[in-house]
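Below is one structure, written out as structure tokens; comments come after it.
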Amino acid sequence: MARTDRLARPTTAHRSLPSLRASTRRAMRPSGPPTDEIPIWTTPDGVDSVTAQAVIDLAMRAGVAMIATGAAAADVTATVLTLTKAYGLSSVHVDVTYTSVTVSYHRGPNADPITVMRIVRFRVQDYTRLERLRGLIVDLSRDPVPVDEARVRFDSVITAPHPYRRWLVTVAGGALAAGAAGLVGAGPFIILLSFLTATVVGRVLSWLTGAGVAAFFAQCVGAAIPTAVATLVVAAQSAGMTFVGDVSPSLVVASGIVLLLSGLSVVGAAEDALEGYYVTAGARAFEVIVLSLGIAVGISVVLSLGNRLDYPIAISSQTLLSDDVVVQVVCAVIIAVSFAVMSYASGRAVAVAGVAGGLGWAVLALGERLLQLGAVSASATAALVIGFAARLVARHLTISALAVTTAAIVPLLPGRMAYEGISQIVTNPDGNGFAVGVPTLLLSFGLGLGLAAGVSLGTYFASLLVAKSQGVRPRPAAGATLPADPDPDASGSTAPVLSETSDLAATSDADAQA
């Protein structure tokens with residue numbers, strides 16, 4: 001007979017399975033929701049349709065004005081989101097391309113969205129107007145005034161006159177070419193000739209733009225003018241004119257190429273690509289390629305005519321002015337300051353650009369001479385230092401970092417190398433020119449990419465440093481793959497996002513697509 005006073009031994013085999021399953025779930029499955037980078041519409045924000053339309057129209061005008069004056073796509077997106085959020089619009093989507101800006105305001109499942117698109121009809125480098133626009137956006141984000149008053153303030157910024165007269169801008173273009181000629185070893189006569197030629201090129205380009213000529217053909221004409229002047233110098237030397245002397249007319253062409261290359265948006269294309277705006281970056285890069293081909297076509301036509309007339313332009317073997325680095329730095333400062341004036345930068349931006357241009361050239365000389373770096377590596381390193389320093393200084397002085405970096409890398413542009421590759425192709429019609437000229441052109445293209453990448457990386461690293469010092473998180477790039485938030489309590493965080501346009505440019509509940 002079995003004993004009934006003995007307690008049954010507890011069986012734990014089946015009871016341990018649920019505990020094991022729970023532990024496995026806790027180890028393998030997340031304990032919180034995904035990050036809030038994908039916006040979720042919850043409730044209406046209470047903004048009526050009339051006010052929403054007025055706010056979106058104001059934000060659209062600001063975005064188009066910024067991209068037309070040279071701003072990057074990320075800053076344009078931040079501007080639109082900053083304005084719309086300041087006026088209470090919480091679910092706004094922005095799409096920025098190189099030629100248009102689209103804003104869509106999602107008002108929920110039971111209301112029609114408000115979607116507006118505007119076309120960017122022209123683009124010009126006007127950094128003073130860009131700085132004023134950024135200042136207006138920051139003021140409106142901190143103290144939103146009525147939309148009608150904000151529109152009046154916006155119109156006053158857009159219609160404000162340029163800070164410099166046209167003749168001063170023309171002289172600045174000539175000074176840029178003269179500094180570029182001196183930087184590659186030109187003498188006093190060629191420097192003066194480069195100055196006069198560049199002033200003519202500036203006026204001709206201005207007239208062609210006003211006449212509605214396509215940018216490609218304007219670049220062809222602009223590149224043909226210094227090449228024609230160099231051919232005339234060769235003809236004068238052949239005729240025995242003593243006032244010309246034994247000079248290298250190819251430096252006139254090289255300085256002219258630097259003048260034409262300075263207006264291309266290489267830095268903007270690289271910055272948009274790193275920020276994730278690939279459509280805009282591709283459009284900017286393709287524009288750079290097309291306008292560079294225009295320069296090549298203009299030079300090639302004149303060089304071919306000169307060869308047929310027995311007036312070939314020899315390529316100078318001298319690449320630097322002298323072994324005196326101080327003289328080189330002075331020329332770099334002149335070039336950077338001249339381009340900043342040509343781009344209508346403010347006085348403080350012009351001064352900072354000059355310092356950054358001299359600093360960049362000093363870093364380049366240090367990398368090539370002491371560290372024995374290659375041309376591409378040394379140029380990229382100099383551009384990185386420029387981008388990093390300009391981003392930090394520009395934030396404290398409330399000026400545009402884009403104006404400083406774009407002007408500061410102009411002395412580093414490979415104008416002489418590009419001319420050398422084109423000349424080698426044109427002056428060797430038997431086919432050997434392609435074998436020599438194409439690698440030279442590819443090297444110059446690599447230098448341009450190195451400059452753009454260096455500036456963009458330097459700006460990015462400086463932004464990370466500023467974000468860490470201010471306790472804000474960096475703005476994620478468009479299309480970036482974001483990791484899941486390890487802290488479930490932080491998934492609903494609305495921590496401010498760092499932006500060059502504003503300290504509180506956008507929050508994580510707004511979506512930006514490009």
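The values are calculated or read from the model by the stated rules, or taken from the named source; none is laboratory data. Computed from a predicted structure; not experimentally measured. Just the protein is used for accessible areas: all its heavy atoms, side chains included, with ligands, DNA and RNA removed. Shrake-Rupley method; radii C 1.70, N 1.55, O 1.52, S 1.80 Å.
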Over the range 280-416, relative contact order from alpha-carbon pairs under 8 Å, at least 6 apart, %: 24
Suppose accessible area is computed on protein heavy atoms with a 1.4 Å probe; arrange MET60, MET417 from highest to lowest. MET417, MET60
Per-selection metrics, the range 166-246 (Cα): Rg and Dmax in Å: 13.9, 42
At 1.567 mPa s and 4 °C, plugging the Kirkwood radius over alpha-carbon pairs of the range 352-441 into Stokes-Einstein gives what diffusion coefficient in µm²/s? 89
Sorted by accessible area (1.4 Å probe), largest first, how do SER456, SER469 line up? SER469, SER456
Run the accessible area of the range 56-107 with a 1.4 Å probe and give the carbon-and-sulfur part as a rounded percent. 52
Ranked from the most accessible area to the least, with a 1.4 Å probe and all protein chains present, what is the order of PHE339, PHE445, PHE122, PHE216? PHE122, PHE445, PHE216, PHE339
At q = 0.18, 0.23 Å⁻¹, what log₁₀ I(q)/I(0) does the range 111-228 have when each alpha carbon counts as one equal point scatterer in the Debye sum? -1.04, -1.31
